[in-house]
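For reference, the structure is listed below as structure tokens.
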Amino acid sequence: MTNTNTNDEVKKPIAIYRINTQLKDLIQENQDIWNVLQNKIKASKYNAEEKALKNGFLAGYDSKCYKLTSSNKVSWKKYVDKFLETPLNIPNSHNSSLLLLIKPKEQTEDIYAIVFGNLAYFVIQSYIDVNFGLDILSRIIEPDSNVVKSSKGQNVVGSTQGQLSIYRQLHSLSDIEDFGRIFQELNASIKKDVLEKFGISTDKNFKNCCAKSSFQIKTSILPETIEKYITGCEYAKTLPAQLINSSRKLEAKRDRELIEKLKEKIIKQL
């Protein structure tokens, strides 16, 4: 018989996303973006149900939590029943997910999201700041220090897409700067003193970090560390940013007006 200790530490690695509060879809006249975002989540097809957080959890921030669920029929059941002697007794497939929204009190410039499960990501994927993780990383590492372990990018011109570069020895940001290439993911080693800003204590001098549309320090943390994790992102914003991407890929939603203007100019030139 196994005894279960209810006081066992429960840890999990988490990734932090930032909501792009400059999106037209979230900017509505006389409406707070924090509320607009929540209305978008509630209107999703995944039956958003607000869940209460424990008293004192994320006390330094405003926060909302939503459980998302979906129920789908097994698409191939009717087909295989045609050639089976006995029809399959398969219930609808169920999927659940959790979305945690966090923002500093008294402002809506920064809204962060943590997802547990795919449904939560599907709901916010149109609203996330795709450069957030890279922006945070560019502020917490020295550009000339040998901390970059790998990178994944896309060429603005040419046919190469999603190329992954692995560095057998650590490289610096200045080593991989390349005109016409947009970096979409960087893996780097973060120093111990910086990790402490994110509430992470370690005996090692470094821990790995993955920066893309999200920011993730590759280590498991306690739920109560989430608030310090967000505080670390807020701290990083106060540091000077280093140039990683000299080019920026246009996005259909955020850059709608610019894209239309460019199309008009191209048509005129043609």
Given unit charges at Cβ for Lys, Arg (+) and Asp, Glu (-), the dipole magnitude of the chain about its Cα centre in debye, nearest 20, is 740
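Between Lys191 and Arg254, what is the FRET efficiency for a Förster distance of 35 Å, r being their Cβ-Cβ separation, to the nearest 0.05? List each step's numbers first, then the result.
Numbers: r = 33 Å, r/R0 = 0.94.
The computed FRET efficiency comes out at 0.60.
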For Lys82, the lysines lying under 23 Å Cα to Cα, once residues fewer than eight places off in the same chain are dropped, come out as Lys73
The chain: longest segment with zero exposed GluC sites (Glu not before Pro), where exposed means DSSP loop plus at most 15 other C-beta atoms within 10 Å, is residues 178-250
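For the chain, which longest stretch is free of loop sites, where a loop site is one of the chymotrypsin sites (Phe, Trp or Tyr not before Pro) that DSSP puts outside H, G, I, E and B and that has at most 16 other Cβ atoms within 10 Å? Let's see the in-between values first.
Values: sites that count: Phe57, Trp76, Phe83, Phe179.
Longest stretch, sites excluded: 84-178.
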Taking the chain and counting helices only, DSSP H stretches of n ≥ 4 at -39,500 (n - 2.57) each over all residues, the nearest-500 ellipticity at 222 nm comes to -7000 deg cm²/dmol
1/(1 + (r/R0)^6) with r = Cβ-Cβ of Ile90 and Thr238, R0 = 51 Å, i.e. FRET efficiency to nearest 0.05, evaluates to 0.40
Within the chain, excluding any trypsin sites (Lys or Arg not before Pro) found in a DSSP loop (not H, G, I, E or B) and having at most 15 other Cβ atoms within 10 Å, the longest uninterrupted segment runs 106-203
Residue-ordered couplings for the range 76-89, obtained by feeding phi - 60° into the Karplus form 6.51 cos²θ - 1.76 cosθ + 1.60 and rounding to whole Hz (Gly and Pro as x), are 9, 4, 4, 5, 6, 4, 5, 10, 9, 5, 10, x, 6, 9
Here the gain from full extension of Lys261 to Ser220, 0.36 nm per residue of separation minus their alpha-carbon distance, amounts to 10.2 nm
Looking only at aspartates and glutamates whose Cα falls under 20 Å of Lys204's and that sit 8 or more positions away or on another chain, we get Glu142, Asp193, Glu196
Excluding residues fewer than 8 positions from Lys54 in its own chain, the aspartates and glutamates with Cα under 16 Å of it are Asp62, Glu224, Glu227
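Read-outs: derived from the displayed coordinates by stated rules, not from any lab. Treat the numbers as computed from the prediction; the structure is a model and nothing was measured. A quick note on method: Cβ atoms are made from the backbone with ideal geometry, for glycine too, and the neighbour counts reach across all protein chains shown.
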